[in-house]
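Shown next, in structure tokens, is the structure this report addresses.
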Amino acid sequence: MQMNDSIEIAAPRSVVWEALLSPEVLKECVPGCQEMSGSAEDGFEATVVQKVGPVKATFKGAVTISDVVEGESLTLTGEGKGGAAGFAKGGAKVTLADSGEGTLLTYDVDAKVGGKLAQLGSRIIDGFAKKMAAQFFARFQEVVQGPADGESDAGAEGGEPAKKSWLKRMISS
């Protein structure tokens, strides 16, 4: 399954680049991510819990970064094993470009599954993969640039403050 899209992020390219290499940001953005450790140089180890159709599994896997052109592009490649559920692997070629509002992030994703997951059929798998990619990049955009305009600083639950953007957390540290 292949898909591609682009999103506009209201942050400088250097900030978006650093966020792509941050295990904290990646953990926050990967749907169902329970743990993320490692570094951009050595790769990341991750544990992700996901339900695909009737199959729920805990995937343990690794993410590596390759084809790095500093500040411009990289390839994220991951593979996870979900025990009896099977496996998932794929990659995303990510490119960054300056735009009027900040940074244009373009991604080209290729994903494959095997085992019980593959038996669910391509319609379910393709829909799930598109949803996961869209959730990851939408969450990445939110984490890097902060809440969208019009969202208050008070969270919906108990008046807790909304999370600061990754950049604001970095600056205030």
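The values are calculated or read from the model by the stated rules, or taken from the named source; none is laboratory data. Note that the structure is predicted; figures quoted are calculated from it, not measured. Cβ: placed from backbone, ideal geometry, glycine included. Neighbour counts: every protein chain shown.
Tabulated data for the structure shown
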read-out: Within region 93-114, considering residues that are crowded, with 20+ Cβ neighbours inside 10 Å and out of contact with any helix residue (DSSP H, G or I) (no Cβ under 6 Å at 6 or more places or on another chain), the one nearest to Leu21 (Cα to Cα); value: Val94
read-out: The listed residue being of a type outside the set (Phe, Trp, Tyr) and surrounded by fewer than 18 Cβ atoms within 10 Å (Cβ to Cβ), out of Ser22, Ser73; value: Ser73
read-out: Total residues in region 119-145, condition farther than 15 Å from Ile9 by Cα and of a type in the set (Val, Ile, Thr); value: 2
read-out: Any hit, region 26-33, residues being within 15 Å of the chain's Cα centre (by Cα) and in a strand (DSSP E or B); value: yes
read-out: Unmet requirement for Ala88, which otherwise passes all of (1) at pLDDT 90 or above; (2) in contact with a Phe, Trp or Tyr (Cβ under 9 Å, 6 or more places away or on another chain); value: (1)
read-out: Matching entry among Phe44, Phe136, Phe59 (being buried (at least 20 other Cβ atoms within 10 Å of the Cβ), within 15 Å of Leu20 (Cβ to Cβ) and aromatic (Phe, Trp, Tyr)); value: Phe44
read-out: Boolean, Gly146 is at pLDDT 90 or above, under 20 Å from the mean Cα position of the chain (by Cα) and on the phi > 0 side of the Ramachandran plot; value: no
read-out: Matching residues in region 96-147 - criterion: being in a strand (DSSP E or B) and closer than 12 Å to Asp5 by Cβ; value: Leu104, Leu105, Thr106, Tyr107, Asp108, Val109
read-out: Given (1) under 15 Å from the mean Cα position of the chain (by Cα); (2) under 17 Å from Gly32 (Cα atoms); (3) at pLDDT below 90, number of the condition Asp110 does not satisfy; value: (2)
